[in-house]
1. What is the calculated FRET efficiency for Arg203 to Leu97, with r their C-beta to C-beta distance and R₀ = 25 Å, to the nearest 0.05?
2. Check cross-link reach from Lys82 to the lysines: straight Cα distance under 20 Å, and skip same-chain residues fewer than eight apart.
3. Treat each spin label as a single point 7 Å out from the Cα along the C-beta direction, and report the Gln237 to Ser54 distance in nm.
4. Which residue, Ser201, Ile155, Phe191, has the largest displacement toward the positive end of the dipole of the chain when charges sit on each Cβ (Lys, Arg +1; Asp, Glu -1)?
5. Where the only charges are on Cβ atoms (+1 Lys, Arg; -1 Asp, Glu), what is the dipole of the chain about its Cα centre, to the nearest 20 debye?
6. Once you have a ≥ b ≥ c as the square roots of the Cα gyration tensor eigenvalues for region 55-96, tell me rounded if a/c is under 1.5, and otherwise prolate or oblate according to whether a/b is larger than b/c.
7. Checking the cross-link filter: which lysines have an alpha carbon closer than 25 Å to that of Lys235, excluding same-chain neighbours under 8 positions apart?
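Coordinate-derived values only; no laboratory data. Note that this is a predicted model, so its numbers are computed, not measured. Note that each Cβ is placed from the backbone with ideal geometry, even for glycine, and that neighbours are counted across all protein chains shown.
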Amino acid sequence: MNHLLELSPNVYMIKGFTNVFVIAEETLTVIDTGIRGNEKRILKAIGELGRSPSEIENIIITHHHVDHVGAASRLSQLSGAKVCAHKDEVPYINGELQPLFFFHLSDLGICFWPLANMIWPFLTGRAKAGAAGVDVPLEDGQVLPPLGGLKVIHIPGHTPGTVCFYSPQRRLLFAGCAVQNWFGRLSLPHFSWDVDKTGESVRKLAKLDFEIMCIAHGPPILHDAAQRIGELSDKVQVIRAERG
Ligand SMILES: [Zn+2]
Ligand SMILES: [Zn+2]
């Protein structure tokens, strides 16, 4: 069970390139799914928790990138769960619009178009193959039932409809790709649709009160996570100010 970690009571992380989170209460909530085919790992983990696929009520998606939504369609078919995502992500997830994909050195605000263009066909192809139908479009501020109230926080930047999910009661934030923590180095995401908005969104998150932060890429932060986000936000503001 070493790929399955309990981060907080009833909150589990399935470790991977894209971490998947499972909230195991009376029903199950899955946050992000990983790439196409990853449903097998999710179902295996749910089995290890002694639960069954039909107990998954909702699959909630932080944004439309294929490494988050790729297994949503299949997992939804196998479990009967509803797929939920912010309304601005729906056309991308449903395959009506091409996925947005940019490679930024976020700290500097540089965008590498040639690289983005080289990998674009690969990504769009994969995204289409895993395209899911969104059953429930989400809005900023909406409160979902898990963990005593899980608030949808719209933080545009990485993509237009990127969201975090926040439990004030548990002081826990599912940050998705608001930030990344590769090798324990907390930074803005390298891939951003709008790098300035990404910075503003991190500043918005820094105002929340949370101890634990679950992150899509890289290890979770289990203590003083809001403070870490605050430090990152300050650093980003300084770099932006220097850049003018
Ligand atoms: Zn992404
Ligand atoms: Zn990702």
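1. The value I calculate is 0.35.
2. Correct list for Lys82: Lys40, Lys44, Lys128, Lys151.
3. Once both label points are built, they end up 5.3 nm from each other.
4. The listed residue farthest towards the positive side: Phe191.
5. Roughly 440 debye, rounded to the nearest 20.
6. On the way: a/c = 2.01, a/b = 1.67, b/c = 1.20.
Judged from the Cα gyration tensor, region 55-96 comes out prolate (a/c at least 1.5, a/b above b/c).
7. Output for Lys235: Lys197, Lys204, Lys207.
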